[in-house]
Amino acid sequence: MNIKSLNKYAFTLIVFTILILSNLSAYAEKNYHMEIDDNSFDIKYDFDGDVIAMEIDKELNSLLIGTENVKDSQFQITLPNDLISAENNEFAILVNGFEVEYEVVETGDTYLTFFVPVYTEEIEIIGTHVVPEFPLGAVLALGSITGIIILLQKSKKFFFR
């Protein structure tokens with residue numbers, strides 16, 4: 001082997017390494033931070049595109065994800081179970097309004113993966129439970145106060161006959 005062929009080989013190896021490393025960084029895991037009521041959640045996701053927003057729809061028990069600059073890729077997301085969950089991990093996932101198949105792995109949190117096509121703008125993950133609107137303590141306090149008020153009103157009627 002001569003010096004010219006070694007230089008070509010080294011140059012090719014360097015270019016190849018740079019291309020591989022730049023592609024790997026494009027698929028680095030990303031994080032979206034959500035604040036809901038008094039709770040905060042970190043949602044880890046990964047795909048070839050950008051998330052512009054995530055929001056919980058409490059009425060539909062779903063997580064809405066707005067995306068842009070999407071290329072054909074696998075969307076991977078880790079969902080905290082206290083944010084959204086589904087009985088028997090039977091979620092419904094809609095990509096641009098169409099239901100798609102998905103794979104699920106539960107490791108304390110729920111890890112979902114599914115295909116998103118180019119130009120995807122909206123993803124909806126529908127479960128059976130989302131983060132409660134009111135903490136349990138607030139509901140119990142409200143119930144206790146209501147009970148006390150009812151008892152006081154009944155006792156006033158009894159004493160003022």
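Among Ile52, Ile36, which is at pLDDT 95 or above and under 30 Å from Val130 (Cα atoms)?
Checking each option against the conditions leaves just Ile52.
Name the residue that is nearest to the chain's Cα centre (by Cα), counting only residues in the stretch 78-117 that are under 17 Å from His129 (Cα atoms) and among the β-branched types (Val, Ile, Thr).
Residue satisfying both the conditions and the ranking: Thr78.
For every residue, the table says whether it meets (1) outside any strand (DSSP E or B); (2) farther than 23 Å from His33 by Cβ; (3) of a type in the set (Gly, Ala, Ser).
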| residue | (1), (2), (3) |
| --- | --- |
| Lys71 | yes, yes, no |
| Gln74 | no, no, no |
| Thr78 | no, no, no |
| Asp82 | yes, no, no |
| Glu99 | no, yes, no |
| Thr110 | no, no, no |
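Could you figure out which of (1) of a type in the set (A, V, I, L, M); (2) modelled with pLDDT under 95; (3) surrounded by 15 or more Cβ atoms within 10 Å (Cβ to Cβ) isn't true of Ala26?
The single condition Ala26 does not satisfy is (3).
Six or more apart or on different chains, Cβ atoms under 9 Å: show the pairs whose first residue is in the stretch 134-161 and within 30 Å of Glu35 (Cβ to Cβ) and whose second is modelled with pLDDT of 70 or more and polar (S, T, N, Q).
If the second residue must be modelled with pLDDT of 70 or more and polar (S, T, N, Q), the pairs left are Pro135/Asn39.
Give the residues of the stretch 94-127 that are surrounded by 12 or more Cβ atoms within 10 Å (Cβ to Cβ), aromatic (Phe, Trp, Tyr) and farther than 19 Å from Phe41 by Cα, sorted by residue number.
Tyr102, Phe114, Phe115, Tyr119
The values are calculated or read from the model by the stated rules, or taken from the named source; none is laboratory data. If you're wondering where the values come from, they're calculated on a predicted model, not measured in any experiment. Every residue, glycine among them, receives a Cβ derived from its backbone with ideal geometry; neighbour counts consider all protein chains shown.
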